[in-house]
Amino acid sequence: MNKLRGVVLGSLIWIVYRLISMTWRVTLIEPPLMKSMLSEKKPFMLAHFHGDELVLLSTIRRYRVATITSTSKDGELMNTAVLLAGGKTSRGSSTRGSVGALKGLIKLCKNGNNSSFAVDGPKGPIFEVKPGIFEVVRLLGSPIFAGGACADRAWHFPRSWNKTFLPKPFARIAIYWTETNIQIDKSTDPRDPILAKTLQSQLFDARRQSANLIAAKRSQS
């Protein structure tokens, strides 16, 4: 019953989201390595904070995204939205099915998809990078691109722990991706706090860059 509810409600939410997102005016900044890997279909990792999820949902098809979605009620909604957006999912959570979900994600990435991680999930604290993303990268051997998003007008949800926002119709949006300097191999400890602090800093920088792009657009209009 929960699954059916999630599919039906998720489909309705996706229709509304799709209608709104089609009106957005998006500026997308990608580093040369990302563009090269996209054209060559080589796997990479997209890192972002939870609050940017609703904006980045619109880029799933472009980046051939595969991600882990929870088996919870909210997870059913997100799973439906990701699939309708053209992405792939592997189901699991930090408490149930985590190993199987990770194996499923690795398989999807080796079959031509790229992974996307909200690094401060699944329940926060917000902006705190967890080791999950580094565990996946260690297995894939792929580079990490840190992203940030900003909109000139949006609905904000301050009571949600992740401070998410949904850009309003016809909003100007900037999505900025930057190549990180994080090097991970089989010997790397994914729980190394230096890794988390480095990625956190680069994610904040990507957010600042996206905000600067929006400010520049405003000054030109």
- Would you mind telling me which numbered condition in (1) at pLDDT 95 or above; (2) closer than 24 Å to residue 200 by Cβ residue 105 fails? (1)
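Please give the helices (runs of 4 or more DSSP H) falling wholly within the range 3-98 in which 3 or more residues are closer than 20 Å to residue 152 by Cα. Let's see the steps before the verdict.
Numbers: elements: 32-40, 53-56, 60-63, 73-84.
Because the criterion is at least 3 residues that are closer than 20 Å to residue 152 by Cα, the helices (runs of 4 or more DSSP H) in the range 3-98 that meet it are 53-56.
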- Task: Please go through the range 173-195 and pick out each residue that is within 24 Å of residue 213 (Cβ to Cβ) and open to solvent by less than 70 Å² (accessible area, probe 1.4 Å).
- Result: 173, 174, 175, 176, 177, 178, 180, 182
- Query: Hey, among 3, 41, which residue is open to solvent by 40 Å² or more (accessible area, probe 1.4 Å) and touching a Gly at 6+ places or on another chain (Cβ under 7 Å)?
  - Reply: 41
- Item | Pair list, Cβ < 7 Å and 6+ apart or interchain, from the range 127-151 residues that are within 24 Å of residue 58 (Cα to Cα) to residues that are among the β-branched types (Val, Ile, Thr) and assigned to a strand (DSSP E or B) | 137/144; 145/178; 146/178; 147/175; 149/173; 149/175; 151/173
- Query: For the range 6-23, which residues satisfy the criterion of being open to solvent by 20 Å² or more (accessible area, probe 1.4 Å) and within 29 Å of residue 144 (Cα to Cα)?
  - Reply: 14, 18, 22
- Query: So which residues in the range 140-150 are open to solvent by 20 Å² or more (accessible area, probe 1.4 Å), within 19 Å of residue 64 (Cα to Cα) and hydrophobic (A, V, I, L, M, F, W, C)?
  - Reply: 140
- Considering the range 105-133 alone, what residues qualify as being surrounded by 15 or more Cβ atoms within 10 Å (Cβ to Cβ) and within 18 Å of residue 42 (Cα to Cα)? 105, 106, 108, 109, 113, 114, 115, 116, 117, 133
- Name every residue in the range 49-71 that is open to solvent by 10 Å² or more (accessible area, probe 1.4 Å), under 19 Å from residue 171 (Cβ atoms) and in contact with a Leu (Cβ under 9 Å, 6 or more places away or on another chain), in order of residue number. 54, 56, 59, 62
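The values are calculated or read from the model by the stated rules, or taken from the named source; none is laboratory data. No experiment lies behind these values; they were computed from the predicted model shown. Glycine gets a Cβ as well: all are built from the backbone with ideal geometry, and neighbour counts include every protein chain shown. Just so you know, the surface numbers come from the protein's heavy atoms only, side chains and all, with ligands and any DNA or RNA stripped out. Shrake-Rupley method; radii C 1.70, N 1.55, O 1.52, S 1.80 Å.
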